[in-house]
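Coordinate-derived values only; no laboratory data. These figures come from a predicted structure and were not determined experimentally. Reconstructed Cβ throughout: ideal geometry from the backbone, glycine too, with neighbour counts over all protein chains shown.
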Amino acid sequence: MSGKQHLDPVAVAELKGVMGSDFGLLVQTFFTDSVQRIEGIRAALSAADPEALRRAAHSFKGSSGNMGAPHLAELCRALEELGRDGGIDGGEQLLDELAEEYDAVRAELGALLL
């Protein structure tokens, strides 16, 4: 992975400050939910269902943004717009990028729990 910033340190610090000792639980919940959301996006693409794609990507966009993962949220936004426009063309490539970015975000958030 490149030198790209996967987490916004200011947003993560604020989140840690607000959540306190519950930060770890929040991160674990994000991990669990993210797997389900990625599977929802994958299923929507497999079914060629733009509306399901829009909904799944929208949900993941919000949680990614809340966790301080701006690039992950941006990839979700691109998938959401694809679905909103009634298509899925290019969605598989975006999903590949999203999965790679999620892996990087997961690694960085996981390191904060050690």
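Taking Arg42 as the residue in question, decide whether it is of a type in the set (Lys, Arg), under 30 Å from Leu114 (Cα atoms) and part of a helix (DSSP H, G or I). Give the derivation first.
Working: of a type in the set (Lys, Arg): yes; under 30 Å from Leu114 (Cα atoms): no; part of a helix (DSSP H, G or I): yes.
Considered against the rule, which asks whether it is of a type in the set (Lys, Arg), under 30 Å from Leu114 (Cα atoms) and part of a helix (DSSP H, G or I), Arg42 comes out as no.
Quick one: which residue in Gly68, Gly62, Gly86 is without any contact (Cβ under 8 Å) to a residue 40 or more places away in the chain and not in a helix (DSSP H, G or I)? Break it down into steps so the answer makes sense when it comes.
Numbers: Gly68 fails: without any contact (Cβ under 8 Å) to a residue 40 or more places away in the chain; Gly62 fails: not in a helix (DSSP H, G or I).
Matching residue, one of Gly68, Gly62, Gly86: Gly86.
State whether one or more residues within the range 21-36 are under 20 Å from Gln93 (Cβ atoms) and not in a helix (DSSP H, G or I).
Checked the range 21-36: no residue is under 20 Å from Gln93 (Cβ atoms) and not in a helix (DSSP H, G or I).
Output the residues belonging to the range 6-27 that are closer than 25 Å to Glu80 by Cβ and not charged (D, E, K, R). Full working, then the answer.
Here is the first cut: in the range 6-27, the residues closer than 25 Å to Glu80 by Cβ are 6-8, 10-12, 14-15, 26-27.
Once the filter is applied, which keeps residues that are closer than 25 Å to Glu80 by Cβ and not charged (D, E, K, R), the range 6-27 yields His6, Leu7, Val10, Ala11, Val12, Leu15, Leu26, Val27.
Could you list, in sequence order, the residues of the range 74-114 that are buried (at least 21 other Cβ atoms within 10 Å of the Cβ) and of a type in the set (Gly, Ala, Ser)?
Result: Gly83, Gly91.
Can you tell me how many residues in the range 65-113 are in contact with a Cys (Cβ under 9 Å, 6 or more places away or on another chain) and closer than 16 Å to Gln36 by Cα?
Here the count works out to 1.
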